[in-house]
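Quick one: the structure is below, questions incoming.
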Amino acid sequence: MKHKLEVYLLDLGSLHAKRESIVCRGHEEDLSRMDLPVMAVLIRHREGVLLFDTGCRPDAMEGGWPDNMQQAFPLTRSAGQALERQLSLCGVSPDQVDTVVLSHLHLDHAGNGRLFPHARLIVPAADYPMACRSVCEEEPTRRGGYIRQDLEELPAKVVQIGRDTQLFPGVRLLWLPGHTPGLLGMMISGGGKTILFPSDAVYTAANYGPPPLSPRSPYDKALLLQSMERVRKLQKEFGAQVIFSHDIETWKTLPKAPQPLFAE
């Protein structure tokens, strides 16, 4: 490791979702679809190796997801976009990852837990118990975006967080509920630069606005809009770059592994 802090964006494929469900403008008749990048963030820090989100499980489109999720969010992913391959581009193997942070437990953020059995797992309090309850529903359409096998394969050392938390110097988790009962974003600062990863508190630039536009069915719309406003205030306070979780146009412009997004 040449620097005390390196940040990499990992390209884990893309989903193809109904546009109106992502940026809800009230046009029920809009049946068009849009591509949503699936990403993870790898941080190599002098105090450890951190992975923020883990993408979709390998068998998602071969039975790992129920039919309703495969139809709502069909996944396209090449062999080179597998999580292990993306980590290897950065010179990291799964067993070198000390800490895994899941922004929330939805199917495009919490797959691949089996790769990190010995890692410390950090999850958002409120979302974790919600996910555990939801996957026990017999009817798959009542499980929301949670997948039972994803939860079963997570590392055993679970830490639930329900507030802003400093993980490493320059790396802070942010409490941004609303999309789910609890959601963790991340803020990275160093060398005079700050980057905000709001995860699904802000899907796309169109959601961010202004004015902010909610997706069709967040867990709590009022809370989500509050979290979006908090991101905006942090962006202004720190002069931060905001990287939206599922904005394909922004994604196309960003450096991806093996090129670092940021190094200090």
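How many residues does the range 1-23 hold that are within 18 Å of the chain's Cα centre (by Cα) and either among the aliphatic types (A, V, I, L, M) or modelled with pLDDT of 95 or more (or both)?
Summing the residues that are within 18 Å of the chain's Cα centre (by Cα) and either among the aliphatic types (A, V, I, L, M) or modelled with pLDDT of 95 or more (or both) in the range 1-23 gives 13.
Of all residues in the range 59-107, which are assigned to a helix (DSSP H, G or I), among the acidic types (Asp, Glu) and under 22 Å from residue 9 (Cα atoms)?
If the condition is that a residue be assigned to a helix (DSSP H, G or I), among the acidic types (Asp, Glu) and under 22 Å from residue 9 (Cα atoms), then 84, 95 are the ones that fit.
Can you tell me which residues in the range 1-37 are without any contact (Cβ under 8 Å) to a residue 40 or more places away in the chain and part of a strand (DSSP E or B)?
Across the range 1-37, the qualifying residue is only 33.
While we're looking at this one, here's another question. Of the residues that make up the range 136-145, is at least one in a loop (DSSP other than H, G, I, E, B), in contact with a strand residue (DSSP E or B) (Cβ under 9 Å, 6 or more places away or on another chain) and of a type in the set (A, V, I, L, M, F, W, C)?
No, every residue in the range 136-145 fails to be in a loop (DSSP other than H, G, I, E, B), in contact with a strand residue (DSSP E or B) (Cβ under 9 Å, 6 or more places away or on another chain) and of a type in the set (A, V, I, L, M, F, W, C).
Quick one: in the range 94-105, of everything that is in contact with a strand residue (DSSP E or B) (Cβ under 7 Å, 6 or more places away or on another chain) and within 12 Å of residue 51 (Cα to Cα), which residue is surrounded by the most Cβ atoms within 10 Å (Cβ to Cβ)?
Residue satisfying both the conditions and the ranking: 103.
Out of the residues in the range 209-235 that are more than 14 Å from residue 198 (Cβ to Cβ) and modelled with pLDDT of 95 or more, state the one that is farthest from the chain's Cα centre (by Cα).
Residue satisfying both the conditions and the ranking: 222.
Which residues, counting only those in the range 106-121, are in contact with a Leu (Cβ under 7 Å, 6 or more places away or on another chain) and aliphatic (A, V, I, L, M)?
110, 115, 121
Name the pairs: first residue in the range 116-135 and on the phi > 0 side of the Ramachandran plot, second residue of a type outside the set (D, E, K, R) and part of a loop (DSSP other than H, G, I, E, B), Cβ to Cβ under 9 Å, at least 6 apart or on different chains?
Filtered contacts from the range 116-135: 126/162; 126/177; 126/180; 126/181; 126/182; 126/183.
Look through 111, 91 and report the one residue that is of a type in the set (Gly, Ala, Ser) and buried (at least 23 other Cβ atoms within 10 Å of the Cβ).
Only one candidate qualifies: 111.
Tell me the strands (runs of 3 or more DSSP E) entirely within the range 162-264 that contain at least 2 residues that are in contact (Cβ under 8 Å) with a residue 12 or more places away in the chain, crowded, with 19+ Cβ neighbours inside 10 Å and in contact with a Phe, Trp or Tyr (Cβ under 8 Å, 6 or more places away or on another chain).
184-190, 193-197
The values are calculated or read from the model by the stated rules, or taken from the named source; none is laboratory data. All values reported here derive from a predicted model rather than from experimental measurement. Cβ: placed from backbone, ideal geometry, glycine included. Neighbour counts: every protein chain shown.
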